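This report refers to the structure that appears directly beneath it.
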Amino acid sequence: MAKKKAVATNAKRSSGPSPEKKVRPDRDRRVRQADRLARVLRVLELIQSRGRWTTKAIADEIECSERTVYRDLDVLKFAGIPYYREGDQQFVRVRSDFRFPVMTLTDDEVLGLSLAAAITKAPGLDVTAGAVPATRKLAAVSKEKTQELIDDAMRLVSVLDLKLVDHSRHHEAIRTIQLALLQGKQISGLYESPYEPTPVRLKLHPYRLCLIKNAWYVIGTMADEKVPKTFRVARFKTLRMQTELATVPEDFDLRTYFGNAWAVFRGDQSYDIELKFKPTAAKVVTETIWHHTQKASTHKDGSLTLSFQVDGLNEILNWILSWAGQVRVQKPDELKAMFVQALEDAIQMQAMADHV
């Protein structure tokens, strides 16, 4: 009887995890799974190449044990990859006639991919050369109908005359920022600010890379500060990725950071903006969503009132000036005064030029 109680007690103790055993976070488990998947794909890449790969050579190449390589080969076998061993040294190879199943895409998916490739060829958006070659490779392994659709879409769709900042000399800077963001590294470079007499040396913890309005920007904190700032990529004279890790808050949110800024620079005060456009401009101005807070109200005479809630006035003032003669500032009073002053300055400047 005592023996049975002891067995039952031991069984009870062995069932379920020990309360002292630490449960690994879900994030750690995902990282381990990703590492194993990357290793298996690396094994597949090696045995598909023309190299002479034994299990020992593979183990040495990817820095693991031969036992791990055997397990990874079993994974490939279960996935249907037909590898075999060749020669006295038992080189591992994938059968030469094997082809991976072709990805099946709908017409809408093919058109979307082709459109994305066409867009990335436009000046200012051509910051990476990857989209077009990837689309071409997909076409090469697709059905004939899909190949024709991709070729026709990329030939017939174009993006022209975007009013973007010239980034033709800054492709390498954008790529450097992308790699730094992906690897979690700091960046440093010489930055030419319009508010400084000479270029300044910056070292940043990059948070995000984004295209806003007409230019690329990197958001991050300087090495000796805590508040993030916005830097225009085209103003970097030099830029390099550093070996030091970057510190990026996990709760950083781009929309929260920009708030209701009209473009990229957020003012300290929020304003309710109300603008009234003439009937001749009403239809044109509503063809575009200018701001995420935009609200429109059409009047009987065909005129239009646009309202926004904006943090800061300087950026929206420049936009309103482009509609001079077609728009009246209804509120706030501060914006009215700034608008009138800017128009008076422009008239005076033109008058002085005419008298020279």
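Filter region 26-72 down to residues that are exposed (fewer than 13 other Cβ atoms within 10 Å of the Cβ), within 23 Å of ASP97 (Cβ to Cβ) and acidic (Asp, Glu), then give me how many there are.
1
Condition check: in contact (Cβ under 8 Å) with a residue 24 or more places away in the chain, among the β-branched types (Val, Ile, Thr), closer than 20 Å to LYS213 by Cα and not assigned by TED's automatic domain parsing to the domain that holds ILE177. Does THR146 satisfy that?
So THR146 fails the test.
Would it be correct to say that GLN330 is over 21 Å from PHE258 (Cα atoms), surrounded by fewer than 17 Cβ atoms within 10 Å (Cβ to Cβ) and touching a residue at least 24 places away in the same chain (Cβ under 8 Å)?
Yes.
So, THR286, is that one free of Cβ contacts under 8 Å to residues at least 40 places away in the same chain and surrounded by 13 or more Cβ atoms within 10 Å (Cβ to Cβ) or not?
It is true that THR286 is free of Cβ contacts under 8 Å to residues at least 40 places away in the same chain and surrounded by 13 or more Cβ atoms within 10 Å (Cβ to Cβ).
Run down GLN178, GLN186 and say which single residue is under 18 Å from the mean Cα position of the chain (by Cα), part of a helix (DSSP H, G or I) and not hydrophobic (A, V, I, L, M, F, W, C).
Every option except GLN178 fails the conditions.
Name the single residue, out of those in region 211-221 being touching a residue at least 40 places away in the same chain (Cβ under 8 Å) and surrounded by 15 or more Cβ atoms within 10 Å (Cβ to Cβ), that is farthest from the chain's Cα centre (by Cα).
Here the answer is ALA215.
Quick one: what pairs do we get from region 68-80, first residue farther than 14 Å from VAL92 by Cα and free of Cβ contacts under 8 Å to residues at least 60 places away in the same chain, second assigned to a helix (DSSP H, G or I) and not hydroxyl-bearing (Ser, Thr, Tyr), C-beta under 6 Å, 6+ apart or different chains?
VAL75/VAL40
Regarding region 253-272, can at least one residue be identified that is of a type in the set (A, V, I, L, M, F, W, C), in contact (Cβ under 8 Å) with a residue 60 or more places away in the chain and out of contact with any Asp or Glu (no Cβ under 6 Å at 6 or more places or on another chain)?
Checking region 253-272: not a single residue is of a type in the set (A, V, I, L, M, F, W, C), in contact (Cβ under 8 Å) with a residue 60 or more places away in the chain and out of contact with any Asp or Glu (no Cβ under 6 Å at 6 or more places or on another chain).
Return yes or no: is ARG93 more than 37 Å from the chain's Cα centre (by Cα), modelled with pLDDT of 80 or more, surrounded by 13 or more Cβ atoms within 10 Å (Cβ to Cβ) and in a strand (DSSP E or B)?
Considered against the rule, which asks whether it is more than 37 Å from the chain's Cα centre (by Cα), modelled with pLDDT of 80 or more, surrounded by 13 or more Cβ atoms within 10 Å (Cβ to Cβ) and in a strand (DSSP E or B), ARG93 comes out as yes.
Considering each residue of region 189-206, count those that are under 18 Å from ALA263 (Cα atoms) and part of a strand (DSSP E or B), and give that number.
Looking only at that region, the number is 0.
I'd like to check something: does region 332-351 contain any residue that is of a type in the set (Val, Ile, Thr), outside the structural domain of GLY220 (by TED's automatic domain parsing) and out of contact with any strand residue (DSSP E or B) (no Cβ under 8 Å at 6 or more places or on another chain)?
yes
Which of the residues that make up region 111-134 are buried (at least 16 other Cβ atoms within 10 Å of the Cβ) and closer than 18 Å to LEU149 by Cα?
LEU111, LEU113, SER114, ALA117, ALA118, ALA131, VAL132
The values are calculated or read from the model by the stated rules, or taken from the named source; none is laboratory data. Owing to the predicted nature of the structure, the values given are computational and were not obtained by experimental measurement. With ideal geometry, Cβ positions are generated from the backbone for all residues, glycine too; neighbour counts draw on all protein chains shown.
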